[in-house]
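The values are calculated or read from the model by the stated rules, or taken from the named source; none is laboratory data. These numbers were taken from a predicted model, which means no experiment stands behind them. Counting neighbours? That spans all protein chains shown, and the Cβs are built from the backbone with ideal geometry, glycine included. Heads up: the accessible areas ignore ligands, DNA and RNA and are worked out on the full protein's heavy atoms, side chains in. Shrake-Rupley method; radii C 1.70, N 1.55, O 1.52, S 1.80 Å.
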Amino acid sequence: MKKSFLITLLLVLIFSCGDDKSKNNKILSDSSGNINNISVVVDNDMWSGSVGESIRSILATTVDGLPQDEPMFSMNQIPPSVFSGFVTKNRTILKIEVHDKAAFAVFDDVYAKPQKVVVVSGPSKEAITNEITSNASKIINAFKSEELKEKQRRINLSLHNDKSIEDKLGVSIKFPTAYRVAKEDNKFFWIRKDIKTGSMNLMLYELPYEVVKRSDSVVNTIIKIRDSIGEKYIPGPVEGSYMITENAYTPFHFETTLDKKPALETKGLWDVKNAFMSGPFINYTIEDKENKRWLVIEGFVFAPSVEKRDYMFELEAIISSVKIK
């Protein structure tokens, strides 16, 4: 009798522990999906009306600095009735729900891992639309940060040795082995990757601290510097040709931070003097007060006749991994 009681008690403990484990440690499958591709869970009527229009105006907004219009995110609309099974495993999901109260929330790892799920709800189409519009920046930031982390995770699977860059510039930066150092000259580095339609490129170099001064003309200063660097280091396909900034296209300019340091972000188009080549660039000029210098990291793409959003996003993911020693 005593033995039977002990066996029963043991079984109860095992099953109760198993229940607690399932509640506290939910086993999630790996998420999936292309970079910058969002599943939008909303019924057909809302998608074709004002709710869908507000979603598209935010998530499909044009990316700054590209030669042709491309949306920030690609989207797949999924009616709630079919949102089950493998469809729930996409890495980024926007769910629109009808509820008594308007609400906005961001959740991690709901159906898979890693995953970002944004839920917007309200009692009416108007309330839902208002909630989407008022939280536009939060929605974009939630998805963009998730995609940036995923891109960097993929990059980290096979990293190029950056010891020479670290030794000469005092900088650590993570880029894949698919890239190669095309040119190294003292403290200048040109890194590139061949792609089917052209190439993806990175440049790293430093400037004396007094060269760049914050003023209304700082963009002109950055452009003059990158043009001089292009002339010196980035030759074109024919003699006497080299990379310059497209002067017919006004660059976008923002203030931001990289590695917790102030940085000037400039986006625009480059072309080649005396040759028919062009593409987008993104330039970060980072204020490194501790080392009394400006560190410049730029990405640019040559990929004629194809979309360039995801190429530029990869370069941004690499650049954002920078760590200044």
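Tabulated data for the structure shown
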item: Yes/no for Asp69 being among the acidic types (Asp, Glu), within 17 Å of the chain's Cα centre (by Cα), assigned to a loop (DSSP other than H, G, I, E, B) and under 30 Å from Asp271 (Cα atoms); result: no
item: Number of positions in segment 273-298 that are open to solvent by less than 10 Å² (accessible area, probe 1.4 Å) and either in contact (Cβ under 8 Å) with a residue 40 or more places away in the chain or not hydrophobic (A, V, I, L, M, F, W, C) (or both); result: 12
item: Meets criteria (touching a residue at least 60 places away in the same chain (Cβ under 8 Å) and over 25 Å from Glu316 (Cβ atoms)) for Ile128; result: yes
item: Contacts under 9 angstrom Cβ, first residue in segment 173-188 being closer than 15 Å to Lys163 by Cβ, partner open to solvent by less than 40 Å² (accessible area, probe 1.4 Å) and of a type in the set (Ser, Thr, Tyr), 6 or more apart; result: Ile173/Ser321; Lys174/Ser321; Phe175/Ser321; Lys187/Tyr205
item: Candidate set from segment 88-103 (those that are outside any loop (DSSP other than H, G, I, E, B) and either of a type in the set (D, E, K, R) or in contact with a Ser or Thr (Cβ under 6 Å, 6 or more places away or on another chain) (or both)); member that is surrounded by the most Cβ atoms within 10 Å (Cβ to Cβ); result: Ile93
item: Single residue of segment 230-261 satisfying the filter (β-branched (Val, Ile, Thr) and in contact with a strand residue (DSSP E or B) (Cβ under 7 Å, 6 or more places away or on another chain)) that is surrounded by the fewest Cβ atoms within 10 Å (Cβ to Cβ); result: Val238
item: Residue in segment 217-226 that is touching a Lys or Arg at 6+ places or on another chain (Cβ under 6 Å), modelled with pLDDT of 95 or more, within 27 Å of Lys273 (Cα to Cα) and open to solvent by less than 50 Å² (accessible area, probe 1.4 Å) present; result: no
item: Index of the failed condition, Phe276 passing every other in (1) more than 17 Å from the chain's Cα centre (by Cα); (2) farther than 26 Å from Lys196 by Cβ; result: (2)
item: Condition check for Trp270: under 16 Å from Glu206 (Cβ atoms) and surrounded by 18 or more Cβ atoms within 10 Å (Cβ to Cβ); result: no
